[in-house]
Amino acid sequence: MTTGTEAPEAINHPFLRELVTQFRALDAHGAWDRKSDAQLLEPFIVDKAKRREIPIMGDPDPEMLERLELFYNALGLAIEKRCGHMASPIMAMHHEGFGRVVLTTGRLVVVSRHLRDVHRFGFDSLDALAREGERMIDAAVALIDRYPEVARL
């Protein structure tokens with residue numbers, strides 16, 4: 001990807017590696033075999049210029065919803081790799097692009113997000129995507145460490 005704002009090493013961030021793994025796992029017929037990892041992650045990059053092109057009001061298309069699910073699935077697997085507790089995403093989405101996603105570990109809610117304007121979901125750069133993933137993972141693992149008995153239930 002040549003957006004010019006991210007360092008080449010950003011693609012090797014553990015969270016981005018997990019996101020790429022999720023993409024490739026969905027490709028049962030090899031349609032994405034020739035795509036680079038950066039090309040697979042490109043739809044997650046919605047910088048300010050791209051965001052201005054997207055209408056403020058709009059319904060998310062199925063590809064956008066799939067990317068949203070991939071993001072939170074990758075987040076759950078990255079949390080599990082970090083601390084050994086499975087984190088499962090649950091997403092409820094209205095067709096107009098708003099809803100909620102939670103990730104649970106045992107009976108503990110480790111991520112809770114209200115979603116809106118999902119049709120505009122994205123990050124300014126690969127670095128920003130990696131930072132947000134890492135921030136959410138760190139917060140979830142901190143909750144698991146704080147309440148381990150609830151996470152084990």
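Using modelled backbone amide H atoms (1.01 Å from N, in-plane), which distant-in-sequence or interchain residues come within less than 5 Å of Phe123's amide H?
Ile45, Val46
Which entry is the computed semi-axes √(5λ) of the Cα gyration tensor in Å for this structure: (1) 26, 19, 15; (2) 36, 15, 13; (3) 30, 19, 13?
Working out semi-axes √(5λ) of the Cα gyration tensor in Å from the coordinates points to (1).
How much length would be gained if the chain were fully extended between Arg24 and Ala49, taking 0.36 nm per residue of separation minus their Cα-Cα distance, in nm to one decimal?
6.2 nm
So between Val102 and Arg146, what do we pick up on full extension, going 0.36 nm a residue minus the alpha carbon distance? Present the calculation step by step, with values, prior to reporting the outcome.
Values: separation 44, 0.36 × 44 = 15.84 nm, distance 1.81 nm.
The Val102-Arg146 span can extend by a further 14.0 nm.
Taking R0 as 25 Å, what FRET efficiency do you get between Ala31 and Ile56 from their Cβ-Cβ distance, rounded to the nearest 0.05?
0.15
With each label point set 7 Å from Cα along the Cα-Cβ vector, what nm distance links Met86 and Glu66?
2.5
Which of Arg24, Arg34, Arg82 moves the most in a Gaussian network model of the chain with Cα springs under 10 Å?
In this elastic network of the chain, the residue with the biggest mean-square fluctuation among Arg24, Arg34, Arg82 is Arg34.
Please list the non-local residues whose amide H lies under 5 Å from the amide H of Leu115, H modeled 1.01 Å from N, same-chain partners needing a gap of 5 or more.
Gly99, Arg100, Val101
Read-outs throughout are calculated quantities, based only on the coordinates presented, and are distinct from any laboratory measurement. What you are looking at is a predicted structure, and each value in this text was computed from that prediction instead of being measured. Note: ideal-geometry Cβ built from the backbone for every residue, glycine included; neighbour counts use all protein chains shown.
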